[in-house]
Amino acid sequence: MSTKPALKDWPLWEVFVRSKQGLEHKHCGSLHAADAKQALDMARDVYTRRQEGVSIWVVPSAMITANNPDDKSELFDPASDKIYRHPTFYDIPQEVGHM
Amino acid sequence: MYTQSFSVQDGPGLKAVEATSAEDAKLAEQFEARIDADGRIEAQDWMPEAYRKTLVRQISQHAHSEIVGMLPEGNWILRAPSLKRKCILIAKVQDEGGHGLYLYSAAETLGTSRAEMLDALHSGKAKYSSIFNYPTLNWADIGVVGWLVDGAAIMNQIPLCRCSYGPYARAMVRVCKEESFHQRQGYEALLTMMKGTQEQRDMVQDAVNRWWWKCLAMFGPPDSDSHHSAQGMRWGIKRISNDELRQKFVDATVPQAKVLGVSLPDPKLRWNEARGHYDFGEIDWNEFWDVVNGNGPCNKERLATRVKAHEDGQWVRDAALAYAEKQRNRSIKEAA
């Protein structure tokens, strides 16, 4: 038996599925495939067996740039004290109705 | 934000789409069937050239309106009456910039480029909402812009969340969600002023008097004169007519004005029991078209400020590219 890992030369792909017409594609997982066409075929088999989607995107995982998780607080904490960005920050009399 | 001039032509009119081959005819048929079934069109789908052009015009005008809309409010950031109001105004202007970005990106999915769109804006070829060609004279104007201008814009934008073009509709969902604070902060700022001195109350009334009719005109020409409306409706780009939206806005605003304690400057404004709506007076469409055609009090100033901001930012764009290039060369060198 060969000791060569089966997926050695198959890059990783991220899979995005549009669940319904009009909605955005959402990330739903990843898979290994030799090329884009095969990634699409496999994504169909793996992620849409129960009609979960009407459209699939596959993107090479290596093409994705993500932030460093250690920078989480530097990146996102500055938004936490800006409560005035939310509509509930403003007191509007009830009789005005929905605004 | 800010819609309206959407229904205003930028350049020469569009020709009706003509299928050129049997294959095109079949694609056109599929397109029409999807529209009729209230389906969505996505960037990669076939679409008639006129549908594409209409959307590029509308979405880019909408994007331009967001960006130019930052200017009248931006003028007041340094003069906001408190740190709290300053923070709120910065957050709002920042949102408008973000909304412009969502919309430019949505337009780019149709095959136009950011550079082409900006060029059309900066050369004066493309329109933007003419409401921004009026000045914001004092702090009460900033409250009124939030309450009435954003109120009118929200009225216009909610139906766009159901637009037949997917990327535009999804951008609008995001915009509407973020925008919900814009109108409330304006109204709340006015409520605060109304609890102040007589002079402050007079400022609010004066600002309402100056902005009211311009806000009614934001919904665009009456349905009877609006050439794009019928086709836009059939394509599911526009869902509710200009006049219907205007009526909804008036009906929603009258009670808000009452709570605020201001009057709306229209002697013909009164409840019509039979219609179940407020009747209101005639809009001065000559003024509207005059401003659309470049003769408003601030057209030149807005465009000049926008062009200057773009030109002053050139070094930042150049520096970003130079830095990326340097990083690329460095990684090539390290790999070698």
If you check A:I56, A:I83, which single one turns out to be in contact with a Leu (Cβ under 8 Å, 6 or more places away or on another chain) and within 14 Å of chain B (Cβ to nearest Cβ)?
A:I56
Pick from the stretch B:156-174, criterion closer than 16 Å to B:M218 by Cβ and surrounded by fewer than 24 Cβ atoms within 10 Å (Cβ to Cβ), ranking: nearest to the other protein chains (Cβ to nearest Cβ)
B:I158
Options B:A91, B:A43, B:A50: the member that is surrounded by fewer than 23 Cβ atoms within 10 Å (Cβ to Cβ) and over 28 Å from B:S123 (Cα atoms)
B:A91
Could you grab me the full set of residues in the stretch B:193-226 that are among the hydroxyl-bearing types (S, T, Y) and either closer than 29 Å to B:E287 by Cα or crowded, with 16+ Cβ neighbours inside 10 Å (or both)?
B:S224, B:S226
Residue within the stretch B:173-180 that is out of contact with any helix residue (DSSP H, G or I) (no Cβ under 7 Å at 6 or more places or on another chain) and without any contact (Cβ under 8 Å) to a residue 12 or more places away in the chain present
yes
Would you mind finding the one in B:E49, B:E66 that is farther than 20 Å from B:V307 by Cβ and among the charged types (D, E, K, R)?
B:E49
Could you grab the pairs with beta carbons closer than 6 Å, sequence gap of 6+ or different chains, first residue in the stretch B:64-90 and of a type in the set (F, W, Y), second one surrounded by 22 or more Cβ atoms within 10 Å (Cβ to Cβ) and in a helix (DSSP H, G or I)?
B:W76/B:I142
Just to be sure I understand the filter: pairs with C-beta atoms under 8 Å, separated by 6 or more residues or on different chains, first member in the stretch B:200-212 and modelled with pLDDT of 95 or more and acidic (D, E), second member buried (at least 22 other Cβ atoms within 10 Å of the Cβ) and assigned to a helix (DSSP H, G or I). Which pairs pass?
B:D206/B:A140
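A quick yes/no check of all residues on (1) in a strand (DSSP E or B); (2) hydrophobic (A, V, I, L, M, F, W, C):
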{"position": "A:G53", "(1), (2)": "no, no"}
{"position": "A:V58", "(1), (2)": "yes, yes"}
{"position": "A:A62", "(1), (2)": "no, yes"}
{"position": "A:T65", "(1), (2)": "no, no"}
{"position": "A:K72", "(1), (2)": "no, no"}
{"position": "A:P78", "(1), (2)": "no, no"}
{"position": "A:E95", "(1), (2)": "no, no"}
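The values are calculated or read from the model by the stated rules, or taken from the named source; none is laboratory data. These numbers come from a predicted model, not from an experiment. Neighbour counts are summed over all protein chains in view; Cβ atoms, including those assigned to glycine, are modelled from backbone coordinates with ideal geometry.
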